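Have a look at the structure below, then the notes.
The values are calculated or read from the model by the stated rules, or taken from the named source; none is laboratory data. Values in this document were obtained by computation on a predicted structure and should not be read as measured data. Here the Cβ is made from the backbone with ideal geometry for all residues, glycine too, and neighbour counts use every protein chain on show. The accessibility values were calculated without ligands, DNA or RNA, using every heavy atom of the protein model including side chains. Shrake-Rupley method; radii C 1.70, N 1.55, O 1.52, S 1.80 Å.
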Amino acid sequence: MFQPQKPGGNRNNRRPLINMYWMYAIIVLCLFGLYYFQDNSTVKEVDWTDFEKAATAGEFEKITVFSANGIAEGFLTEQGAKAQHMHRSDISDADCKLKANIPSNDKVQDKIDAWNAVLAQQGKPEIAVTYDKGSDLMRIFYYFGPIVLIALFMYFMSKRMSGGSGGAGGIFNVGKSRAKVFDKNNGPDVTFKDVAGLAEAKVEIEEIVEFLKNPQRYTELGAKIPKGALLVGPPGTGKTLLAKAVAGEANVPFLSMSGSDFVEMFVGVGAARVRDLFKQAKEKAPCIVFIDEIDAVGRARGKNPSMGGNDERENTLNQMLTEMDGFGSNNGVIILAATNRADMLDKALLRPGRFDRQIFVDLPELSDRVEIFNVHLRNIKCNAGLNVEQLARQTQGFSGADIANVCNEAALIAARNNKKEVDWDDFMAAIDRIVGGLEKRSRVITDEEKFAIATHEAGHATVTWMTQYGNPLVKVTIVPRGRALGAAWYAPEARQIIPKQALLDTMCGMLAGRAAEEVFLGQVGTGASDDLEKTTKIARSLVMVYGMSEKLPNLNYNDSTGQDYGFTRPYSEDTARTIDEEVTRIVNEQYERAKEIIRVHASQHNKIRDMLVEREVIFHDDVELILGPRKWKSRTDEIIELTKRDEAKRKEKQDVKDRLEKAQPVTPEEVKEEPEDDDPGTPPPFTH
Ligand code: NHX
Ligand code: ZN
């Protein structure tokens, strides 16, 4: 382990002394060495008498004596090799040798002298002798070298896997946390300025940065620093962005991890990673740990152990619970976590002392969307007259990520059309693209089909126009887009509370396409499947979630905790049948109502249908010309009016304030000037 370094210390000499390339080089060299020193000869072991016989027969060229081992090797001449029935290998051109143990009582040199004397008598050449004393070491290396090399190799491999800041994978490393560590030098360059909207969430999260920067401000008053905060909200609303901004602003180390990083096949690995993450965090304290998508581990633990469930995940969760609020103190470590399903999380995780505070990150409101658009439009060359507020109004229900996508898509569309700047039409096309998919003008549609599609869409338009809570219509189109052949586009209204009648009106409008087909075509087609699916879902939640049906009032059979009841329903068979009956009845009632509205407004419907067949796309104002102004004011208009009124009030106040400030005593020079400028009694020059 490295010693903790002093802040001033040089952090750069952490490089290992021998790096991996040197290791490879050494291994290759050793292999070459082995090959070079290797005894690549053909050897026959014989006993001493045979060795002696060969020597006296003059079959040896030379003899090497390994005195330490008591071995003699005789190198055979060509004839000698033949006589011993040995062959020189063609490939290695190796020597042929005879090898024998020297009898311990013999004096080798005397023996060889004797042999040479015999050979001299026969007129044959003498045998040369060399003595090799140091063969022991060579031999040991020869036998143990490869093992040592393999051991070294494995040591360095494991070292390399565990080393480095990235914390690469590898079998030696499964229990290590895979947190990405950011600090002052390599932090994400996101600040709170880059976070548009989310005003309330920002206040809370900015406070967390404060906790880390000067904790004594809070501890002096006896307050405990919170352990963690949970960022909750739908996807794309900027939870991760907020966390990144904290990292960018806090100036403390920031450990980022995803909940799924804890999940692994092996038993105990998740818990080990949690332990390691917290160990790492404590070493770096004060610091922030960010766990994205915490529901991957934090989902509520199953109730019945017989189901088996996911023991491994539960172990991981238990480890996290103990780490966050165990006996060990982890001062100066604040844990941020993000999820889009807070209701699914284990209750133990949400208890004070763990994630004490939940920060809701909601879909952006109108004013937030204006801000978000402004952030994303900073880098986009757009038309100077672009009405950002109108854009924000057209993107009700969009998340921050969706808006970013709209801006980018608009720029792409403008570029495709070789425009110099991105204008309103590009943004509209981008929104349509994102909501409805790609336009498919190439789809072949017969006139008969076109008529049917127009009938269906005109039905939607007519009925929503004529119901109180029908969403304000934006346009109706029979241009195929994505999977749809046609569509009626609405600006969905942002409601906090939805009255029952609004649900009924929505269903009525959705069923109106099918209803128009039945009324005017005499038969219905398959196309309305999506409408029916949505309608049935609404009807079902009206009965089961909102408790609004007559037969099952004020009952909620919804399970918002996400905890499964196994395969049992929390209601009886009778209730199940009643639910089905109520859903059926409600849908039927709305279908009949839609048909009724269409019959009453048949002539207008047909006008809209014909206009659609002719123009393919018609807009709000065209429909208004045919159906007349709507009886009910749209909530959006109301909100706009409210905002305008607030704005006017604010301006008025500001004006009063300004005037008061001006009326205050001022310096003599200003007093001199002022009457000339502001005197209302002075008539304009040209009236003289
Ligand atoms: C088909 N599409 O699948 C053809 C190509 C009744 C005039 N054979 O209700 O286009 O029939 O008011 C999301 C959005 C399926 C999911 C639209 C899944 C459409 C759409 C089927 C108009 N407009 N139906 C509508 C339509 C079809 C479908 C969808 C979806 C039609 C209807 C699609
Ligand atoms: Zn439809």
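Kindly indicate whether Val613 is touching a residue at least 60 places away in the same chain (Cβ under 8 Å) and either open to solvent by 80 Å² or more (accessible area, probe 1.4 Å) or over 26 Å from Gln501 (Cα atoms) (or both).
When the stated conditions are applied, Val613 passes them.
Looking only at the range 531-543, filter to residues that are open to solvent by less than 50 Å² (accessible area, probe 1.4 Å) and within 34 Å of the chain's Cα centre (by Cα); which one of those is farthest from ligand 2 (Cβ to nearest atom)?
Residues of the range 531-543 that are open to solvent by less than 50 Å² (accessible area, probe 1.4 Å), as a first pass: 531, 535, 538-539, 541-543.
From what's left, within 34 Å of the chain's Cα centre (by Cα): 531, 535, 538, 541.
On the way: Asp531: 4, Thr535: 10, Ile538: 14, Ser541: 20 Å.
Of everything passing the filter in the range 531-543, Ser541 is farthest from ligand 2 (Cβ to nearest atom).
Restricting to the range 152-178, and then to whatever is open to solvent by less than 60 Å² (accessible area, probe 1.4 Å), assigned to a helix (DSSP H, G or I) and of a type in the set (A, V, I, L, M), can you tell me which residue is modelled with the lowest pLDDT?
The qualifying residue modelled with the lowest pLDDT is Met161.
Evaluate the following for Asp432: is it assigned to a helix (DSSP H, G or I), under 23 Å from Arg609 (Cα atoms), without any contact (Cβ under 8 Å) to a residue 60 or more places away in the chain and more than 10 Å from ligand 1 (Cβ to nearest atom)?
Yes.
Select, from Ile498, Ile453, Ile478, Ile445, the only residue that is within 28 Å of Lys631 (Cα to Cα) and surrounded by fewer than 18 Cβ atoms within 10 Å (Cβ to Cβ).
The match here is Ile498.
If you take the residues in the range 407-426 that are open to solvent by 40 Å² or more (accessible area, probe 1.4 Å) and part of a helix (DSSP H, G or I), which one is nearest to ligand 2 (Cβ to nearest atom)?
Out of the qualifying residues, it is Asp425.
Closer than 30 Å to Ala296 by Cα, at pLDDT 90 or above, among the charged types (D, E, K, R) and not in a loop (DSSP other than H, G, I, E, B) - does that describe any residue in the range 538-548?
Within the range 538-548, one or more residues are closer than 30 Å to Ala296 by Cα, at pLDDT 90 or above, among the charged types (D, E, K, R) and not in a loop (DSSP other than H, G, I, E, B).
Considering (1) within 16 Å of ligand 2 (Cβ to nearest atom); (2) out of contact with any Lys or Arg (no Cβ under 8 Å at 6 or more places or on another chain); (3) open to solvent by 30 Å² or more (accessible area, probe 1.4 Å), say which one His460 fails and leave the rest.
Going through the list (1) within 16 Å of ligand 2 (Cβ to nearest atom); (2) out of contact with any Lys or Arg (no Cβ under 8 Å at 6 or more places or on another chain); (3) open to solvent by 30 Å² or more (accessible area, probe 1.4 Å), His460 breaks only (3).
Restricting attention to the range 487-510, report how many residues are in a helix (DSSP H, G or I) and within 9 Å of ligand 2 (Cβ to nearest atom). Before the answer, list the steps.
Of the range 487-510, the ones in a helix (DSSP H, G or I) are 500-510.
From the residues that got through so far, the ones that are within 9 Å of ligand 2 (Cβ to nearest atom) too are 510.
Looking only at that region, the number is 1.
Go over the candidates Ala392, Ala404 one by one and state the one that is in contact with a Leu (Cβ under 9 Å, 6 or more places away or on another chain) and either open to solvent by less than 40 Å² (accessible area, probe 1.4 Å) or farther than 20 Å from Gly437 by Cβ (or both). Step through it out loud before you land on a result.
Details: Ala404 fails: in contact with a Leu (Cβ under 9 Å, 6 or more places away or on another chain).
From the options Ala392, Ala404, the qualifying one is Ala392.
For the range 472-486, which positions are within 14 Å of ligand 2 (Cβ to nearest atom) and not small (Gly, Ala, Ser)? Can you show your working first?
Within the range 472-486, the first condition is being within 14 Å of ligand 2 (Cβ to nearest atom), and the residues that meet it are 473, 476-478, 480-486.
Of everything in the range 472-486, those that are within 14 Å of ligand 2 (Cβ to nearest atom) and not small (Gly, Ala, Ser) turn out to be Leu473, Val476, Thr477, Ile478, Pro480, Arg481, Arg483, Leu485.
If you go through the range 510-530 one residue at a time, do you hit one that is exposed (fewer than 12 other Cβ atoms within 10 Å of the Cβ) and either touching a residue at least 24 places away in the same chain (Cβ under 8 Å) or away from ligand 1 (no atom under 16 Å from the Cβ) (or both)?
no
Name the residue that is farthest from Pro492 (Cα to Cα), counting only residues in the range 440-459 that are near ligand 1 (Cβ under 8 Å from one of its atoms) and in contact (Cβ under 8 Å) with a residue 60 or more places away in the chain.
Ala452
Any idea which residue in the range 481-494 is surrounded by the fewest Cβ atoms within 10 Å (Cβ to Cβ), counting only those that are more than 10 Å from ligand 1 (Cβ to nearest atom) and small (Gly, Ala, Ser)?
Restricting to residues being more than 10 Å from ligand 1 (Cβ to nearest atom) and small (Gly, Ala, Ser), the top hit is Ala494.
Return the only residue of Ser367, Ser329 being at pLDDT below 85 and open to solvent by 40 Å² or more (accessible area, probe 1.4 Å).
Answer to the check: Ser329.
Being part of a helix (DSSP H, G or I), open to solvent by less than 20 Å² (accessible area, probe 1.4 Å) and closer than 22 Å to Ile403 by Cα is the filter here; which residues of the range 193-209 pass it?
Ala201
Condition (residue is within 15 Å of ligand 2 (Cβ to nearest atom) and within 27 Å of Val600 (Cα to Cα)) applied to the range 427-446: is it met by at least one residue?
There is no residue in the range 427-446 that is within 15 Å of ligand 2 (Cβ to nearest atom) and within 27 Å of Val600 (Cα to Cα).
Does at least one position in the range 438-453 carry a residue that is modelled with pLDDT under 90 and within 27 Å of the chain's Cα centre (by Cα)?
yes
Would you be able to say whether some residue in the range 266-275 is crowded, with 16+ Cβ neighbours inside 10 Å and outside any helix (DSSP H, G or I)?
No, there is no match, as no residue in the range 266-275 is crowded, with 16+ Cβ neighbours inside 10 Å and outside any helix (DSSP H, G or I).
Do we find that Leu612 is within 30 Å of Tyr469 (Cβ to Cβ), at pLDDT below 75, outside any loop (DSSP other than H, G, I, E, B) and not small (Gly, Ala, Ser) in this structure?
No: the conditions fail for Leu612.
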